[in-house]
Amino acid sequence: MATVTAPPISYRPEQSWRLLGRMLIEQGFLTDEALERALALQRHTQRRLGEILVEQGLVTPAVLAEAIAAQYGVARNEERLVGERQPVERSIVDRIEEQERLLEQMGSRLDVYRERLHAAEGLLSDREQRLAQLEGVLAEEESLIDQLARHEQAIHELQPRVEAQSARLREAEALLAERERRIAELEARLRELVAVPAPEALAPAEPDPTELPRQIAAAANLPFVDLRSFDLDYGVARFFPEELARRHLALPIRLQQGVVIVAMADPRDPAAVEAVARSVARSVRFVVVERGELLRAIARTYL
């Protein structure tokens with residue numbers, strides 16, 4: 001059996017690598033539409049483009065071999081006999097197919113690397129977003145820490161003032177207790193004086209001190225209140241200015257269901273009533289009381 005010797009293959013590095021489909025189109029063996037269909041089938045089947053072109057009858061094996069040889073810059077010896085072309089072409093095709101398989105393997109590995117790179121980029125993006133979120137949380141915490149530090153500094157600065165106010169409050173409470181004690185002593189002394197009986201022959205009939213204020217209350221269509229049996233709320237009374245209380249003979253005596261009860265000796269003066277109501281600045285209900293009892297209540301309130 002005769003051995004067929006393949007013609008020598010020379011490489012021309014100066015010739016640049018070109019796409020196989022584009023070369024076949026330029027040489028007139030293939031159309032753009034046929035190439036697009038073949039490429040779509042290649043993407044679907046993962047087969048070599050040359051095999052698809054030959055299988056569909058778009059090019060002959062000889063044309064494919066010539067194009068692949070030209071693609072890789074392989075110069076063929078045209079002076080060999082025609083009978084030697086087929087083994088030579090088969091040798092070239094085998095070598096080129098081996099290179100294509102290597103390229104496919106490299107392409108597959110490159111796709112894997114690209115997928116890993118894409119996954120790594122996604123992970124890096126997620127971590128960057130998480131880092132940005134953590135930086136935002138850290139900034140908020142630092143802001144809260146700064147606010148807390150300022151509040152603590154303000155509390156520290158206010159501490160002496162609070163202590164001073166507490167000391168003044170204790171002094172005021174002690175003074176109030178002392179005044180209440182004196183009032184109790186004076187009231188006890190007053191009761192002793194009132195309890196001393198006068199000779200019946202010399203004691204004239206004392207007029208009822210509540211008669212006149214009762215008449216004033218009836219004329220003004222207001223209720224009369226006897227302060228001697230009334231539990232006066234000094235906490236409400238002390239919020240009323242002393243100067244107004246003495247000028248208009250008026251004094252808040254109780255807060256009842258959001259309404260301030262104000263006692264007056266004579267509420268027939270519209271200017272006095274208006275001044276008292278404006279000073280209280282709340283809903284007001286006036287009552288009439290006996291003048292002497294009102295003066296004593298004012299004295300006890302502003303001791």
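Throughout, read-outs are computed from the coordinates displayed, never taken from laboratory work. This one's a predicted model, so the numbers in the text were calculated from it and none came from an experiment. Using ideal geometry, Cβ is built from the backbone for each residue, glycine included, and neighbour counts are taken over all protein chains shown.
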Determine ³J(HN,Hα), in whole Hz, for all residues of region 242-254 in sequence, where each value follows from phi through the Karplus function 6.51 cos²θ - 1.76 cosθ + 1.60 and θ = phi - 60°; x replaces Gly and Pro. 5, 4, 5, 4, 6, 5, 9, 6, 9, 7, x, 10, 5
Taking a crude spin-label model, label points 7 Å out from Cα along the C-beta direction, the E152 to L212 distance in nm is 6.8
Peptide ranges 250-256, 153-159 listed from the most packed, as the mean C-beta count within 10 angstrom indicates: 250-256, 153-159
D231-L39 pseudo-label distance in nm [points 7 Å out on the Cα-to-Cβ vector]: 10.2
What FRET efficiency do you get for E140 and V162 if R0 is 35 Å and r is their Cβ-Cβ distance, rounded to the nearest 0.05? 0.70
Taking the simple approach of a point 7 Å from Cα along Cα-to-Cβ for both L110 and R300, what is their distance in nm? 10.6
Once you have the Cα-Cα distance between R191 and R101, take 0.36 nm times their residue separation minus that, and quote the gain in nm to one decimal. 19.8 nm
Computed about the Cα centre, the charge dipole of region 114-254 from +1 Lys/Arg and -1 Asp/Glu charges at the Cβ has a magnitude in debye, to the nearest 20, of 360
Which percent of Cα pairs goes in each bin when the distances of region 123-270 are cut into 10 angstrom slices starting at zero? 8, 17, 21, 16, 11, 9, 8, 6, 4, 2, 1, 0
Report the normalised scattering of region 222-301 as log10 I(q)/I(0) at q = 0.20 Å⁻¹, calculated by the Debye formula with identical scatterers on the alpha carbons. -0.79
What's the ranking of 277-284, 163-170 by average number of surrounding C-beta atoms within 10 Å, highest first? 277-284, 163-170
